[in-house]
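What follows is one structure encoded as structure tokens, with my remarks underneath.
The values are calculated or read from the model by the stated rules, or taken from the named source; none is laboratory data. No experiment lies behind these values; they were computed from the predicted model shown. Cβ sites come from the backbone with ideal geometry, for glycine too, and all protein chains shown count toward neighbours.
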Amino acid sequence: MGGGISIHCVDVANGKLAVGMRVELRRLSAQGEPLSPLLAEGCIADNGLLQHPVLMSEAITAGGYEVMFDVGGYYRARGDVVPSPAFLERVPYRFHIADTAQHYHLPFKFTAWGFSLFRGGA
């Protein structure tokens, strides 16, 4: 697969794909701050991926991006008991794309207390 972004979320505490987790994608300004409006948003699908047409389109250009993961909201929606506010409410991940011909796969593996984010191979 060439170009674009894929975002894959796994709730490792429960050994499940994070179906229903809310995710947002924004561009970053030249100063590194998130810009409005959102570039893409939605909930993680049954396959563990954010499915949004922008992610694999010409809209993904070189530059900085921020993905925001709603961890606290995800656990509350599951009915899990988490503190208010949760230890992890919203987790931002900022990254940059230099080569738009490459695919950027972003696996987000998390619990209510920690996470791992990296550029994976897809």
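Numbers at a glance
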{"item": "Near pairs, Cβ below 6 angstrom, 6+ apart or cross-chain, from region 72-90 (on the phi > 0 side of the Ramachandran plot) to any residue that is assigned to a helix (DSSP H, G or I) and surrounded by 14 or more Cβ atoms within 10 Å (Cβ to Cβ)", "result": "none"}
{"item": "Failed item, numbered, when Glu24 is tested on (1) in contact with a Ser or Thr (Cβ under 7 Å, 6 or more places away or on another chain); (2) at pLDDT 95 or above; (3) surrounded by fewer than 19 Cβ atoms within 10 Å (Cβ to Cβ)", "result": "(1)"}
{"item": "Output for region 57-66, where each listed residue is surrounded by fewer than 16 Cβ atoms within 10 Å (Cβ to Cβ) and not hydroxyl-bearing (Ser, Thr, Tyr)", "result": "Glu58, Ala59, Ala62, Gly63"}
{"item": "Phe69 vs. criteria in contact (Cβ under 8 Å) with a residue 60 or more places away in the chain, surrounded by 12 or more Cβ atoms within 10 Å (Cβ to Cβ) and either within 10 Å of the chain's Cα centre (by Cα) or part of a strand (DSSP E or B) (or both)", "result": "yes"}
{"item": "Any hit, region 4-16, residues being among the acidic types (Asp, Glu), without any contact (Cβ under 8 Å) to a residue 40 or more places away in the chain and surrounded by 14 or more Cβ atoms within 10 Å (Cβ to Cβ)", "result": "no"}
{"item": "Which listed residue is among the β-branched types (Val, Ile, Thr), surrounded by 15 or more Cβ atoms within 10 Å (Cβ to Cβ) and outside any loop (DSSP other than H, G, I, E, B), from Val54, Val82", "result": "Val54"}
{"item": "Residue, farthest from Asp11 (Cα to Cα), within region 85-97, restricted to residues that are part of a strand (DSSP E or B) and charged (D, E, K, R)", "result": "Arg94"}
{"item": "Those residues of region 98-115 which are of a type outside the set (Lys, Arg), surrounded by 14 or more Cβ atoms within 10 Å (Cβ to Cβ) and either touching a residue at least 60 places away in the same chain (Cβ under 8 Å) or not in a strand (DSSP E or B) (or both), in sequence order", "result": "Thr100, His103, Tyr104, His105, Leu106, Pro107, Phe108, Phe110, Thr111, Ala112"}
{"item": "Test: residue in region 3-23 that is closer than 19 Å to Leu117 by Cβ, part of a strand (DSSP E or B) and among the polar types (S, T, N, Q)", "result": "yes"}
